[in-house]
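Heads up: the structure comes next, in structure tokens.
The values are calculated or read from the model by the stated rules, or taken from the named source; none is laboratory data. What you are looking at is a predicted structure, and each value in this text was computed from that prediction instead of being measured. Here the Cβ positions follow ideal geometry from the backbone for every residue, glycine too, while neighbour counts run over all protein chains shown. Please note that ligands, DNA and RNA were not included when accessible areas were found on the heavy atoms of the full protein model with its side chains. Shrake-Rupley method; radii C 1.70, N 1.55, O 1.52, S 1.80 Å.
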Amino acid sequence: MRKRDFFQRSQQKKYEERTYRNPYFRADTSTAFSRSLWIALAICGVISAISAFFFLHPFFNITRVHIVGVKHLDRVQLVQAIHRDLRKNRFLFDPGAFATKLNSTFAFRDLQIVQQGRLVEMRLVERTSQLIWKTGSQTAVVDLEGVVIRLLDAADELEHLSAILPLFVDRNAVSVAVGDIVLTREETEAVFRFHEHLGAQSITFVQTEFDRLAGKWIGVVTSDGYRILFDASTDVDLQAARLETVLREKSPDRSKLEYIDLRFGDHVYFK
């Protein structure tokens, strides 16, 4: 009897602890998921609309670029580069990336870019053009430190610059890019100093040639058609003095000269 009472109480307890669910009122999980999905899509749509408004609406575009410091640079080319590289939206504009793109076209000595709302201010310091560097089919403007400032495309611009800047020719035809260094400052200054000596001796010339593969080979092509070879890494004043002595004492027929070589100390060779 006691066993039967224990069994009944046990069953009663299990029955009372059961969780009751009404089969007619089960939660519709598919409806809840659909509602959550539509809410998420609505939120994404609102965010997209707001983003499109800020990133695409003309009201948020940069409307003015103020340039300070242009002296010798072709302003038309600079403006074209700005329009090409500028991210117009004020929120997408990156001054650092913009400066990097401009420096790939123009090698500035210094470039500072400041954004103030819809205004971008550019403060630049130019590298001064000192010479024209011709290598293969490329022609570039180079400064006193030997840095390629920009590449020349237009033939009329090259003709204009050739009238005011000395022409340097790379006989090895090594390709260059903006920002490359083709000469050291010491080389450039030594060549210009040698040019001054030639002017003092009434020797006119058309171009200066460089051959890196042949060693320290620099030759000035004179208007008479012969070359004067010298070494820019040694005393150019002394080499110019030897040149003057040879031309005065040896009196070679300049119309028949092929070269005068000043690179070997006191021994001057000519043909």
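Computed in the context of the full set of protein chains, the accessible area of the stretch 224-269 at 1.4 Å probe radius has 45% of its extent on carbon or sulfur. The Rg/Rh ratio for the stretch 70-167 is 1.02, where Rg is the radius of gyration of the alpha carbons and Rh is the Kirkwood radius.
Under 5 Å from the amide H of Leu152 lie the amide H atoms of Thr139, Ala140, Val141, each residue being 5 or more positions distant or on a separate chain, with H modelled from the backbone and absent for Pro and chain starts. When the solvent-accessible area of the stretch 77-144 is split by element, carbon and sulfur atoms take up 47 percent of it, the probe being 1.4 Å.
On average, how much accessible surface per residue is there in the stretch 136-271, in Å², for a 1.4 Å probe, leaving out ligands, DNA and RNA?
53 Å²
Counting only DSSP beta bridges with both residues in the stretch 133-271, the antiparallel share comes to about 70 percent. Computed over the stretch 111-167, the quotient of the alpha carbon radius of gyration and 2.2 N^0.38 Å is 1.46. Computed 3J(HN,Hα) for the stretch 84-101, one whole-Hz value per residue from the Karplus formula 6.51 cos²θ - 1.76 cosθ + 1.60 where θ = phi - 60°, is 6, 9, 6, 7, 5, 5, 5, 7, 9, 5, 10, x, x, 5, 5, 5, 4, 5, glycine and proline marked x. Here the 3J(HN,Hα) profile of the stretch 221-228, calculated from phi with Karplus coefficients 6.51, -1.76 and 1.60 at θ = phi - 60°, is 8, 7, 5, 7, x, 9, 9, 10 Hz, Gly and Pro shown as x. Computed from backbone phi, the HN-Hα couplings of the stretch 186-192 come to 5, 4, 4, 5, 5, 5, 5 Hz, rounded to whole numbers (Karplus: 6.51 cos²θ - 1.76 cosθ + 1.60, θ = phi - 60°; Gly and Pro given as x).
Among bridges DSSP assigns within the stretch 113-174, what percent are antiparallel (round to 5)?
On the way: 13 of 17 bridges.
Within the stretch 113-174, antiparallel bridges account for around 75 percent of the total.
All C-alpha pair distances within the stretch 206-250, sorted into 5 Å bins from zero, spread as 5, 20, 24, 29, 17, 5, 1 percent across the bins. Relative protection proxy for 248-257, 133-142, from highest mean packing down: 133-142, 248-257 (other beta-carbon atoms within 10 angstrom). Amide H contacts under 5 Å for Glu209: Val169, Gly219, Val220, Val221, restricted to partners 5 or more places along the chain or on a different chain, H placed in the peptide plane at 1.01 Å from N.
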